[in-house]
1. For the stretch 58-132, state which GluC sites (Glu not before Pro) are in a DSSP loop and have at most 11 other beta carbons lying within 10 Å of their beta carbon.
2. Hey, with R₀ at 35 Å, roughly what FRET efficiency would Ala28 and Ile55 work out to, going by the Cβ-Cβ distance, to 0.05?
3. Compute the label zone of Ser135 within the stretch 87-103: residues whose backbone N is under 15 Å from the point 7 Å along Cα-to-Cβ.
4. I need the peptides 115-122, 52-59 ranked by packing, meaning the mean over residues of other C-beta atoms within 10 angstrom, with the highest value on top.
5. Assuming R0 = 22 Å, what is the FRET efficiency of Leu99 and Gln78, from their Cβ-Cβ distance, to the nearest 0.05?
Amino acid sequence: MSKAKKQAATVGGSAEEIESSFYEALQAGDIDRLMACWADEDDVVCVHPGGPRLIGLGAIRSAFDAMFNNGSVRVRPQGVRKIESLASAVHSVRERIELTTREGPMEAVVIATNVYHKTAQGWRMVAHHASPGNSRESDDVTETPPVFH
């Protein structure tokens, strides 16, 4: 299995730009562009909702290839929360995914954690972990600060 060209994902050097390229590749069903977002590391990891842990570029590519056999993924990332440092970034993303079912169009919500490292090729994804969300839940739950009287 050939590796994707890593330069295809270099669009300016930030984790945000790699994340944007990742979601654009999902929407276009472009496996080469999607794989170019990943770091060239043996231990990269991907978990799809309800699926097994996929380790390595080969397993990740196979899973996305199978997904793209059904067409592109109509996904809208939103509500991104970021924790960043000099060489790593963690993004918590609410994904709204449009699905076509027998009952007609539906929307699913997925909560994803995307982890990026700064590599010799620039910023690259090293982990994508997605879990089922709930479209009826509030957007975010945050801690309420205490009120002192």
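Coordinate-derived values only; no laboratory data. Note that the coordinates shown come from a computational prediction; the quantities given were computed from them, not determined experimentally. Glycine also receives a Cβ, built like all others from the backbone with ideal geometry; neighbour counts cover every protein chain displayed.
1. Glu103
2. 0.85
3. 95-103
4. My ranking of the peptides, most packed first, is 115-122, 52-59.
5. Computed FRET efficiency for Leu99 and Gln78 comes out at 0.85.
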